[in-house]
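Report on one structure; see the data block that follows.
The values are calculated or read from the model by the stated rules, or taken from the named source; none is laboratory data. Predicted model, so just to flag it, every value in this text is computed and none were measured. As a convention, Cβ positions derive from the backbone with ideal geometry for all residues, glycine included, and neighbour counts pool all protein chains shown.
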Amino acid sequence: MELWSWQDPYLREVVWFALCCRAATLLLQALFNLLIPDHAADAFSPPRLSEAGPWDAVVERLLGGLSRWDAEHFLFIAERGYLYEHNCAFLPLYPLSLRAAAAGLLWPLGRLLRARSRLLLAAAGLSSLCSVLAAAALYGLGRAVLRSRPVAFLAALLFSLSPASVFLAAAYSESMFACLAFGAMWQLERGQSWLSGLLFCLASGVRANGLLNAGFLLYSRGKRFALRLQAAPGSVGKLPPLWKQLLSLASSAVLVCAGVFLPFALFQFYAYLRFCEPGTGPEPSVPQPLLQLARDRGYRLAAMDGVKPPWCSQRFPLVYSYIQDSYWDVGFLRYFKLRQIPNFLLALPVTLLGSWAAWTYVTANPRHCLTLGLERRKSEEGKPRAGFCSPALFVYVVHATALLVFGFFCMHVQVLTRFLGSSSPILYWFSAHLLQEHEPLLRSEGTGDQTVAPHTEKSLLASPDGSRCRGTPENPLVRLLLNYRLITPLSKCLLGFFLSYWLLGLMLHCNFWPWT
């Protein structure tokens, strides 16, 4: 049975709801940016070198909230390239995509808008498109892994109201990374290993944590190998000798890692040539205001004063690790300070949810977890178990737990919400599982992969005449929100977390106030 088709009414509802949420996000950020004064934050803010016209002012008024904090880095890199050393903490695929869209699709607007305004328009369009595609990919992935259409459907709807929504709409790389990562996971579940590897490769050119996604490909090959060794005795003789199988496994593992690591490695090499090997190419002249900014803020330019940065002389010269360490003080337990307690509280909901998800899965599948899911069990040879506790989720739970532990102990902890929200489907699958299991309003939909009978009652996504399109399922998330007073305390807490972080993120982040 095809798990993802545009003829599927649930997929159409996911896309429609995601589009509505993205439109609401853009409208609300413009409103909040108009009503709430900007905070004077100590953040990267390069000078504008070209004079703004009347249309530039309109774009800035409507979309300026999408260019706050790290978005300034992405827009600056797209316009000026990697001029400053600390810009190299942001990988190139997203800013290159912005530049291509601004120079190509938005080229006719060149006479009306300066480069920054076109880049901001490109960012709004690209991030919105990628987040909608990510929701669709998450639905397909959920259908394949969970084998429960109601849970997969609800999880994809929750993604559209993600606690990290503001970063999925802003000029950040989270939306593109989620689109590529979820798409790659889904293709891997469909058996499309090469396409999955390509998407994982592209994802590692968007965000550095994309390197961990090599584990999905390695686990898939390792599991196939382990299950093959446990095959029926009659089929063992038909297989190649064990040493050939091991050699094939090792070579494919090396190729997989090389493919996923390639974009990151090439970018580190580019940074080395740019900042450690002066004179390897013609250096464009740097405008005086940008030179002055470097002097005032201590930013390092390429080959400034002929002095090489310290990381150039390291055995493995990785500019990314050096910037995280030297510029942002990222490292093991470095964030564990009393003054950071508010940020730990900000990350508490997603930390508890991620820990709860891992504990629920491990307690439901202790033997499966102890054997790393590599043991062939007769009880699983029939129809696989559906839902969140399905054995098929093992690698996803391990991935999400690894991200959670690393983020909590080694990163600025407040970024955990968007870190997990754009990298792992577990946050949405587990939330949908809790709602499906404990909310009476949803229990009638069942847990299997069957088609749920469509409802015809009114919802927020109804057509103008008050009726829904024929064959379109009712949106369960909208039903819960419309009956908020009647739902269980657990459902209120989950939906309150998603909605409050969605709104607070728009109010605070878009006005340079600290957020996740």
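Quick notes on this structure:
- Selection from the stretch 45-66 of residues that are touching a residue at least 40 places away in the same chain (Cβ under 8 Å) and in contact with an Asp or Glu (Cβ under 8 Å, 6 or more places away or on another chain): Pro46, Ala52
Conditions tested, residue by residue: (1) surrounded by 15 or more Cβ atoms within 10 Å (Cβ to Cβ); (2) modelled with pLDDT of 90 or more.
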{"residue": "Leu301", "(1), (2)": "yes, no"}
{"residue": "Trp311", "(1), (2)": "yes, yes"}
{"residue": "Val330", "(1), (2)": "yes, yes"}
{"residue": "Gln340", "(1), (2)": "yes, yes"}
{"residue": "Trp356", "(1), (2)": "no, yes"}
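- Scan of the stretch 232-287 for residues that are part of a loop (DSSP other than H, G, I, E, B), closer than 30 Å to Lys308 by Cβ and at pLDDT 75 or above, ordered by number: Glu277, Ser285, Val286, Pro287
- Hits in the stretch 34-79 (condition: among the small types (Gly, Ala, Ser) and either crowded, with 22+ Cβ neighbours inside 10 Å or within 17 Å of Ala122 (Cβ to Cβ) (or both)): Ser50, Gly64, Gly65, Ser67, Ala71, Ala78
- Only one entry in Ser160, Ser131 is hydroxyl-bearing (Ser, Thr, Tyr), buried (at least 24 other Cβ atoms within 10 Å of the Cβ) and more than 28 Å from Phe261 (Cα to Cα), namely Ser160.
A quick yes/no check of all residues on (1) outside any helix (DSSP H, G or I); (2) out of contact with any Leu (no Cβ under 8 Å at 6 or more places or on another chain); (3) aromatic (Phe, Trp, Tyr):
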{"residue": "Leu141", "(1), (2), (3)": "no, yes, no"}
{"residue": "Phe167", "(1), (2), (3)": "no, yes, yes"}
{"residue": "Phe177", "(1), (2), (3)": "no, yes, yes"}
{"residue": "Leu188", "(1), (2), (3)": "no, no, no"}
{"residue": "Gly205", "(1), (2), (3)": "yes, no, no"}
{"residue": "Leu212", "(1), (2), (3)": "no, no, no"}
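- Residues in the stretch 486-501 that are of a type outside the set (Gly, Ala, Ser), surrounded by fewer than 20 Cβ atoms within 10 Å (Cβ to Cβ) and either more than 15 Å from Leu435 (Cα to Cα) or under 27 Å from the mean Cα position of the chain (by Cα) (or both): Leu490, Lys492, Cys493, Phe497, Leu499.
- The set of residues in the stretch 68-111 being among the small types (Gly, Ala, Ser) and either outside any helix (DSSP H, G or I) or more than 18 Å from the chain's Cα centre (by Cα) (or both) consists of Ala78, Gly81, Ala100, Ala101, Ala102, Ala103, Gly104, Gly110.
- Pairs, first among the polar types (S, T, N, Q) in the stretch 497-508, second not in a helix (DSSP H, G or I), C-beta under 9 Å, six or more apart: Ser500/Pro163
- Restricting Ala258, Ala178, Ala265 to those that are under 23 Å from Ile77 (Cα atoms) and over 15 Å from the mean Cα position of the chain (by Cα) reduces the list to Ala265.
- Among residues of the stretch 374-402 that are under 11 Å from Ala364 (Cβ atoms), those with a Cβ under 9 angstrom from a residue that is among the β-branched types (Val, Ile, Thr) and modelled with pLDDT under 85, sequence gap 6+ or separate chain, pair up as Gly387/Thr447.
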